[in-house]
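We did not get these values from a lab; they are worked out from the coordinates using the rules stated. Please read these numbers as outputs of a predicted model, since none were measured by experiment. Cβ atoms come from the backbone with ideal geometry, glycine included; neighbour counts cover every protein chain shown.
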Ligand SMILES: Nc1ncnc2c1ncn2[C@@H]1O[C@H](COP(=O)(O)OP(=O)(O)OP(=O)(O)O)[C@@H](O)[C@H]1O
Ligand code: SF4
Ligand code: SF4
Ligand SMILES: [Mg+2]
């Protein structure tokens with residue numbers, strides 16, 4: 001190479017301390033015990049969902065008429081239901097539906113929402129106006145009503161629940177994304193890109209999107225909880241996953257007729273919903289604290 | 001003798017990420033009645049924290065005052081709390097901050113805010129308080145104070161807002177006024193007006209002022225005594241004249257060598273201070289300036305940190321060595337000569353006679369719309385009929401107060417705006433109306449260096465990929481290897497270690513980031529570089545590094561610069577020719593020498609008079625004729641000469657014609673009817 005370091009401009013030797021950012025992130029993120037506990041709950045749920053056949057003590061669909069509505073016992077820690085199925089096993093299998101709904105609907109919502117928000121914010125003008133008005137309209141309909149309409153039109157079942165929830169969550173992503181993009185668009189580094197003659201697509205994907213990741217991660221985490229809760233609600237109303245498939249919402253509904261005599265039937269799946277949803281919320285909040293530089297150092 | 005304020009061995013620490021930052025590390029100083037004391041030092045040296053510790057304005061946690069006393073009128077302020085503290089803070093000690101908007105509440109009228117303070121501290125009734133408030137506003141030079149007292153902060157200009165803040169800080173006749181970079185964000189002319197006003201306040205009321213600043217010129221012009229801070233410690237103190245005439249501490253000396261002055265001989269080489277200010281985390285007990293010191297000896301690296309010791313009278317310095325200013329200058333000069341033997345010839349470059357850029361009758365109007373139908377009611381003439389040229393290999397400086405259209409010109413040239421009319425001829429082609437698609441290959445030849453080294457680099461990309469981005473966009477390298485080599489080459493060109501390619505921007509210091517920005521600007525091998533306030537966000541000691549870098553690059557690569565800045569000393573140092581703008585028009589163009597030595601336009605004269613020179617002896621002999629008033633908004637541009645309402649030479653004639661830019665001698669043009677007449681045109 002023919003270059004030489006400009007003499008008076010001696011390379012400034014400096015030990016930039018790599019106070020590893022990852023390290024700081026984990027320190028803030030894991031500062032509270034509740035966060036660790038929440039992560040554990042989420043982990044347990046994921047393991048249950050994946051290894052349900054190995055973990056569940058009974059077949060969740062096997063009806064045992066000799067064991068109808070039995071009290072909690074060693075064999076059946078949460079008792080059995082109306083047709084003698086083991087409640088614990090059904091809860092374990094129910095985590096599959098919950099997780100599936102959470103992941104797929106959030107994936108649908110975030111992918112569509114992020115793309116719409118990105119274009120809306122970056123391109124602006126008429127496209128922005130059209131997209132955002134559509135989002136407003138979608139947002140004006142409460143998800144449950146949307147679901148009722150959707151299920152009425154296309155029937156219930158897992159797929160439709162996922163699509164409905166996915167659609168109803170789209171506006172949140174589009175709006176968050178658009179707000180972020182509008183702010184980042186103004187930064188000098190985007191101006192620099194434009195002055196180099198870079199294309200819009202390149203700027204959006206390489207420079208805008210990576211800078212929006214933190215709030216998106218937080219929103220995605222929080223939305224897992226929202227989706228799981230909504231799925232339980234829909235199934236409870238009978239609009240979601242239909243029995244005999246194991247779903248926490250429909251289990252609460254099943255058990256709720258025996259609330260006085262056999263409260264564990266509703267209580268156990270209810271607890272599962274609450275624990276998981278709260279866990280996602282706590283983790284989401286902790287992520288926000290750890291990722292948001294404004295809060296850095298205060299913990 | 002007891003002092004009005006005496007700080008003894010103050011220690012303030014911050015806990016950041018479980019590390020202790022010794023922001024103020026054993027600082028002692030005093031302030032007497034009626035004096036102007038300056039605290040100077042680079043960003044992060046602890047100037048502000050020192051001042052705010054005394055009045056307990058630092059956030060706790062993470063901050064903690066771990067030791068020392070702050071005696072004010074005999075009381076230890078550190079032991080006060082509640083009502084007593086409030087009486088002192090904002091009562092007997094007033095503070096003016098850098099950003100007026102942060103200390104004014106935007107939803108309340110300024111009158112309400114001032115009256116509130118007055119009632120709180122002076123316990124008088126509302127009517128008297130209002131009267132007092134109006135008097136205060138008058139005393140800080142707010143015209144029509146009776147009416148404007150009911151205005152909201154946003155109805156004032158930046159300079160006026162700062163005046164309001166000063167009025168508020170003075171509400172309760174404070175004994176001490178702390179001005180923390182109070183004029184840094186303002187234009188030179190406004191800055192001079194406000195500082196003159198503060199000086200008058202000191203004279204009239206015997207208030208003491210603590211000027212916290214990094215601007216050595218201001219210090220030389222206004223301060224009686226100086227404290228130089230470095231890394232949380234005071235390294236030198238004395239009277240202004242002592243410090244400037246016989247600086248003792250290597251840091252002070254280096255600072256004085258690093259800044260350009262308005263009265264420099266041209267071609268004087270700035271001697272930058274190598275390295276960056278130290279981190280205050282885990283400070284060790286040795287001289288903090290050691291890594292950057294040109295005069296260090298082996299002993300310095302193991303002796304405990306030097307303490308302040310008198311070098312005669314009230315002049316103290318904290319250094320193990322006995323250093324003469326001349327000695328250190330010699331060391332620096334010798335070093336610079338060895339390392340930089342090619343840099344003697346500065347502005348004696350042979351310039352081509354060819355124009356690289358020619359701007360002809362450029363106009364940039366922004367429509368002002370009204371109502372929901374967006375009906376156009378007027379034009380904001382941000383740039384109005386501007387013509388100038390830049391020769392190949394030359395540096396053209398562009399100066400003027402904020403709002404005069406500097407940025408708009410740049411943006412129109414770079415086609416970030418679509419110019420309303422006019423031509424921008426770059427390398428023979430008119431790019432003003434060229435379709436965007438055709439513009440792309442031309443972009444390769446023009447680059448921009450931004451003001452803010454923080455927001456101009458994508459925080460998520462590595463330094464290497466930021467610098468390499470233009471190579472990819474313009475497909476300048478064919479193979480991966482070629483790309484890597486070119487990026488390495490660019491890193492070395494701007495004095496960065498190529499091994500740092502994988503770091504992200506926040507792992508670099510401000511000056512290093514600016515180097516990354518410059519490397520990116522150079523990547524596509526442009527012939528023309530626009531520097532938009534490229535050094536004004538940097539620390540004084542770093543500014544010299546970047547100025548030298550830009551000059552070296554120009555010599556090596558034959559670059560042409562358009563250098564936009566508000567710092568007239570820097571522009572003088574770097575430019576071959578200078579354009580002065582006022583309200584969207586050029587008022588004077590000349591080569592640097594005629595412009596600085598023989599300014600013709602009254603505005604240029606006013607600007608130059610407002611720039612303080614970092615030398616108290618020179619300052620003594622200068623008469624401070626202040627440019628009155630402020631730049632009007634482009635919306636209500638006066639008829640005739642736009643400068644008329646501030647011009648000391650204005651007569652009725654001036655309101656009748658718009659003075660054209662006429663050449664009075666070769667290469668020197670002025671837009672003022674009076675000047676034209678003087679030379680008989
Ligand atoms: N709230 C805070 N939390 C943590 N550290 C802080 C805080 N405020 C100041 N510091 C640290 O204290 C040190 C001194 O800061 P200070 O603001 O006094 O510098 P300064 O000389 O006033 O700089 P500037 O010229 O930028 O105003 C710096 O290292 C800074 O990082
Ligand atoms: S003590 Fe040594 S290293 Fe520190 S400033 Fe003095 S000469 Fe330089
Ligand atoms: S034309 Fe008149 S008002 Fe304008 S600068 Fe000259 S003397 Fe002043
Ligand atoms: Mg400060």
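Largest GNM mean-square fluctuation among A:284, A:249, A:79, using chain A with Cα springs under 10 Å: A:79. Working value for chain A: equivalent-ellipsoid semi-axes of 46, 26, 14 Å, each the square root of 5 times a Cα gyration tensor eigenvalue, largest first. The stretch A:19-61 and the stretch B:46-73 have Cα centres lying 45 Å from one another. Here the translational diffusion coefficient of the stretch B:457-525 follows from Stokes-Einstein with Rh set to the Kirkwood radius across Cα pairs; for 25 °C and 0.890 mPa s it amounts to 211 µm²/s.
For the segment B:451-461, counting C-beta atoms of other chains within 10 Å of every residue's C-beta and taking the mean gives 5.
Note on chain B: antiparallel DSSP beta bridges, both residues inside, total approximately 65 percent of the bridges counted. Partner shielding of B:465-473 amounts to 3, given as the average count of beta-carbon atoms from other chains within 10 Å of each residue beta-carbon.
For chain A, relative contact order (Cα pairs under 8 Å, six or more residues apart, normalised by length) works out to 23 percent. Take each residue of peptide A:180-189, count the partner chain Cβ atoms within 10 Å of its Cβ, and average: the result is 4.
Counted by neighbouring Cβ atoms within 10 Å, the residues A:260, A:23, B:549 run from fewest to most as A:260, A:23, B:549. Counted over chain B with a bin width of 10 Å, the fraction of Cα pairs per bin, in whole percents, is 3, 14, 23, 25, 21, 12, 3, 0.
Across chain B, Cα pairs under 8 Å and at least six residues apart give a relative contact order of 13 percent. With the helix formula -39500 (n - 2.57) applied to DSSP H stretches of n ≥ 4, chain B reaches a computed 222 nm mean residue ellipticity of -9500 deg cm²/dmol. Every Cα-Cα pair in the protein assembly as shown was counted, and those over 40 Å apart are 54% of them.
Relative contact order of the stretch B:101-171, taken over Cα pairs closer than 8 Å and 6 or more residues apart, is 43 percent.
A protection proxy built from the mean count of other Cβ atoms within 10 Å ranks the segments B:4-13, A:86-95, most packed first, as A:86-95, B:4-13. When Rg and the Kirkwood Rh are both derived from Cα coordinates, the Rg/Rh ratio for the stretch B:96-177 amounts to 0.92.
Beta bridges per DSSP, both residues in the protein assembly as shown: antiparallel share near 65 percent. Shape class of the stretch B:4-64 from the Cα gyration tensor (axes a ≥ b ≥ c, square roots of the eigenvalues): prolate, since a/c reaches 1.5 or more and a/b is larger than b/c. For B:375, B:515, the sequence from fewest to most other C-beta atoms within 10 Å is B:375, B:515.
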